[in-house]
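The numbers here are math on the coordinates, done by the rules we state, and not lab data. Everything numeric here is computed off the predicted structure, so don't read it as measured data. Please note: Cβ atoms are built from the backbone with ideal geometry, for glycine as well, and neighbour counts cover all protein chains shown.
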Amino acid sequence: MPDQCTARAKQTGEQCKRAPIAGGTVCVVHGGSAPAAKLAAQRRLISMIDPAMTALLRAVEECEEWPTKVRAAIAVLDRAGFGPTASLRVDDQASDLASLSSADLKDRAMDIVKRAAAAEAKELDEPEPVH
């Protein structure tokens, strides 16, 4: 994703210097606040969750070689709404996670992330109520 808005001035041809919306390519002045742009940006961020989770899970196993990928993965998860302030409700409190293998834990974590992403995508697809 670009570090700055990709829009260009008509007269000078210079690139806009504003930051794009999270997951987007343009700033709010150049269309980033449009519903379609917001939806595309959110979908782009959601599509990055699985690779970010994979990088984090692999970093747990090979932590010395992955500090940059971990920071990048955390940044992606944070921007996608799964950062430190995100909350997670666990329904299955009876299971003992300590008895699971690392592969089973990975599968469970990926399922949780996919369900959360699907719920977020569903919220984005629903029209906003008229006030």
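What the table shows:
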read-out: The stretch 1-68: GluC sites (Glu not before Pro) in DSSP coil with no more than 16 other Cβ atoms inside 10 Å; value: Glu14, Glu62
read-out: Inter-label distance, nm, simple model (7 Å from Cα along the C-beta direction), Leu57/Arg8; value: 4.3 nm
read-out: Estimated inter-spin distance, Ser99 and Lys114, nm [label 7 Å along Cα→Cβ]; value: 2.5 nm
read-out: 3J(HN,Hα) from dihedral phi, the stretch 51-57, Karplus parametrisation 6.51/-1.76/1.60, rounded to Hz, x for glycine, proline; value: x, 5, 5, 4, 5, 5, 5
read-out: Positive minus negative residues near Gln15 (Lys, Arg vs Asp, Glu; Cβ under 13 Å); value: +2
